[in-house]
Amino acid sequence: MAQGLTDFRKKWTKPILVSSVFALFHAGSAGAQPTNEAVLDVVVVTAQKRAENQQDVPIAITSLNSKTIERANLSNATQLTQLIPGLQVNGVVGDATPIYSLRGVSMFDFSFNQSSPVALYKDEVYKGNFAIQGVELFDLERVEVLRGPQGTLYGKNTTGGAINLITKKPDYTVSGQLRAGYGNFNRREVDGAVQFPVIEDVLAVRGAFTYAKSDGWFENVSPGQPDLEGTDQWGARLSVLFEPSEDLTFNLIASKSQQDPVNYGILGRPGPLGVGAGVFADFNAIDPVANPQTDYFRTGLADNQIEDPNPGRRKQTTNAVSLTANLDISPSLSVTSITSYDQGELFVPENTDGAPIQVIEIDYRGETTQFTQDLRLATNFDGPFNFIVGAYYQYEDVFNDTELRFFNGIDVNTDGTIDASDCVDGGFFLSCRYGNSFDQTRNSTALYGDGSFEISPLLKLRGGIRVTREKADLDNFVAQVRSATGAPIANTIPGDPTNLNATFSNSLDDTAVTGKVGVDFTPADDLLFYASYSQGFRAGAFNAQAFFSIDEATTVDPETIDAFEVGFKTQLLGRRLQLNGAAFSYKYDNQQIINVNPSNSAQQLINVDKSTINGAELELAARPFNNLTFTSSLSYLDAEFDEAIISGADVSGNTLPNAPKISGNVTVDWRFIDKPSFGAVLHLDGSFQSRQFFEPFNVERIEQSAYGILNGNVTFEVIPEALEMSFWAKNITDEFYITNAIDVVDGFGLDYIHRGAPRSYGFNITYRY
């Protein structure tokens, strides 16, 4: 037996030169831990639905612990891009509705009935729809970001990956904290948590809250009007731990959040004829008394200024409750049940042209109710074979109501009054409103299994499969053209000439089988090589941007990814140094994209035939001294459309949206004072990326060129573990950058642009006990 194992080692390690080199490093350092204890922390993650050392998991994972989240001063999920390699966030309808891109996989759709192909989870509960993604980044234990398709254990809508937010759970100690802060833009914030045992070793409770309010950073030059891009939000969470026996555990979590800030602002860069595309000038020339306004050129305004005479407020409320039960049937067998209920409402009133004249305005409304149930059985055998099998159910009920308003400030018939007669017969674009509303329900069921088989201490085989049935119904879909005063004029979808309130229905029924196979090779301690093939599936969808005709009421097929990946994970020099890397190749089929006609704003949801994404990543972490930790990452992407016709144009060979070729992150934590009675820590984090496009046509005029962002924090531990003061700054160099852009020059005379947040700074005081 011993001789057989020796032969096996020789057979597999000799051909792999790089593993031998790594093994030599490990052999030289395995027996000697650094005397100053300068070692990297062991990071435990639950990415594969069981607690494991991150370095043992054959998936590209980045995890952030609570201290990193606090020092980076993260306040919303869009800011995760500062610290996660390959992650981009496109906020086409603001921070409340982040659209994630991971390794170039994203969605080019801004409908409130859609879900991102990078799935968001909180405590293993799927948060797919925008309306139920509320204030989440407070009192977190850690954040885990899994890159690559997660089609077996996670399932639908994880073609790009998954983001897991893990909240802090109660235990049987009495502890708490309170943090208060102030910053520029009159930012006031306070958050805290408290926990205590109710019945020792049986029942414990933890409560947490957050509140933040600030003026907007997008200066509004309209007299008497507030600045845009403000903050006004709060969130609260109650967690209850109940352990009636050693083998049975319940975790109940209830949360609520609300946002009510002055909405985001649009940087509407004028085209050659100005915002309005010359329409206002034409009507002004006909009758300057009835139409005194002309097209808008942002004269005298800087990129951080806007002129909005009537800014609205973005409103969102969320309510959520989940119950996680764990039963250890035996030391090697456990059952987990996760039951959840979510409800959310979202309203976004957008001045889409970013101008004081009414060229285009959009109101988005969404309401979502969701119920989920996950039930799984996991093994922890001493033998070579272990597995997880489970069943999953999701019910989602969505209501959407959207209204577009076009040139509502023009008196078309020049009679001195803007009324129903200006929207001529419901067929004239000017001074009209177009609205739609509908109900959408989804029933998703899945059976899944994932397992591993250890052939030897060197070699492990992995595999998994998931079968998903996705049924969706669209009901009560009605689209109308309305006058500038809101009175219905005509039914555009389904297009009934006699019934203004006629409705349209549709349905989808998709079944998907997604799987994963892989092999792990471990030639030495703290050294892992892995290779895998995995599949991702994003559910089919209805077009929520259909307003003008039944031809827009399209459905799309599911989009899929076939992913090949190889990678390694290693720790060297007595765990002072960690280096992880991966290379991947994706075949991306049927990507779902909103096809916008820039001349009339008509929109269809379509499938793009084929795309290819190739890339590589490196992540490095080092702790050369006990008081210094350094991490960095570098990502390379080559993401292109292979076969794609959009708006009649062949965009094959173009770069995918939200897919910069080069991106990276760097963090430094330096404890420069370390006394028993006083400490001080400097935290710096920076991110950079090469140029990127936001739309499939690769319009250079609205691309984002290469840029970098630097953030920092200095924390003084006045009383270690009890009282500290932090001074923080974000975007220290005040870099101007954009996060989304759409070309609508032909129809409306502007480039629609979201700009990133400017420099901000402030301080926090934290008390712990």
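The values are calculated or read from the model by the stated rules, or taken from the named source; none is laboratory data. The model shown is predicted, which means the values in this text are computed figures rather than measured ones. So basically every Cβ, Gly included, is an ideal-geometry build from the backbone, and we count neighbours across all protein chains shown. Heads up: the accessible areas ignore ligands, DNA and RNA and are worked out on the full protein's heavy atoms, side chains in. Shrake-Rupley method; radii C 1.70, N 1.55, O 1.52, S 1.80 Å.
If contacts are Cα pairs under 8 angstrom and at least 6 residues apart, what is the relative contact order of region 230-345 in percent?
29 percent
Check each of the GluC sites (Glu not before Pro) in region 719-764 and keep only those in coil by DSSP with at most 11 other C-beta atoms within 10 angstrom; list them in order.
Passing both the DSSP loop test and the Cβ count: GLU721.
With charges set only on the Cβ (+1 for Lys and Arg, -1 for Asp and Glu), what does the dipole of region 435-520 come to about its Cα centre, in debye to the nearest 20?
Dipole of region 435-520, to the nearest 20 debye: 200 debye.
Pop out the carbon and sulfur fraction of the accessible area of region 634-769 as a percent, whole number, probe 1.4 Å.
About 60 percent, which is the carbon plus sulfur part of the accessible surface.
Enumerate by residue number the chymotrypsin sites (Phe, Trp or Tyr not before Pro) in region 700-760 meeting two conditions: DSSP loop (anything except H, G, I, E, B), and at most 15 other Cβ atoms within 10 Å of the site's Cβ.
Counting only loop positions with at most 15 other Cβ atoms within 10 Å, the chymotrypsin sites (Phe, Trp or Tyr not before Pro) in region 700-760 are PHE736.
Which GluC sites (Glu not before Pro) in region 202-300 sit in a loop by DSSP (not H, G, I, E or B) and have at most 13 other Cβ atoms within 10 Å of their own Cβ?
Answer by residue number: GLU246.
Which of these values of Kirkwood radius over Cα pairs in Å was calculated from the structure shown: [x] 27.8; [y] 30.5; [z] 28.9?
Label [x] holds the value from this structure.
Which semi-axes, in whole Å and largest first, does the equivalent ellipsoid of region 167-278 have when worked out from the alpha carbon gyration tensor as the square roots of 5 times its eigenvalues?
Working through the eigenvalues yields semi-axes of 46, 16, 8 Å.
Per DSSP H run of at least 4 residues, take -39500 (n - 2.57); add these up for the chain, divide by its residues and hand me the 222 nm value, nearest 500 deg cm²/dmol.
After summing the helix terms and dividing by residue count, I get -1500 deg cm²/dmol.
Mind pulling the angle between the C-alpha long axis of helix 2-13 and the longest principal axis of the chain? Nearest 10 degrees, somewhere in 0 to 90.
On a 0 to 90 degree scale, this one is about 40.
Got a number for carbon plus sulfur as a percent of region 261-417's accessible area, 1.4 Å probe?
After summing per-atom areas, the C and S share lands at 57 percent.
For region 351-359, in order, what is each residue's ³J(HN,Hα) by Karplus, 6.51 cos²θ - 1.76 cosθ + 1.60 with θ = phi - 60°, in whole Hz (x at glycine and Pro)?
7, 5, 8, x, 9, x, 9, 8, 8
Return one number: the angle in degrees, 0 to 90 and rounded to the nearest 10, between the long axis of the Cα atoms of helix 17-29 and the longest principal axis of the Cα atoms of the chain.
Between helix and principal axis, roughly 60 degrees.
With each pseudo-label sitting 7 Å past Cα toward Cβ, what's the LEU377-MET725 distance in nm, one decimal?
My value for the distance between the label points is 5.9 nm.
Mind checking the per residue accessible area of the chain for me, 1.4 Å probe, whole number of Å²?
Per residue, the chain has 39 Å² of solvent-accessible surface.
How much length, in nm to one decimal, is gained on full extension between ARG671 and SER652, taken as 0.36 nm per residue of separation minus their Cα-Cα distance?
1.8 nm
Give the cross-link partners of LYS675 among the lysines, using a straight C-alpha distance below 22 Å as the criterion and excluding same-chain residues fewer than 8 apart.
LYS67
Estimate the FRET efficiency between VAL174 and ASN326 by the formula 1/(1 + (r/R0)^6), using the beta-carbon distance for r and 30 Å for R0, to the nearest 0.05.
The calculated FRET efficiency here is 0.80.
Would you work out what percent of the accessible area of region 491-598, with all protein chains in place, is carbon or sulfur (probe 1.4 Å)?
52 percent
Between VAL44 and ARG691, what length comes free when the chain is fully extended (0.36 nm per residue of separation minus the Cα-Cα distance, one decimal in nm)?
Gain in length upon complete extension: 229.4 nm.
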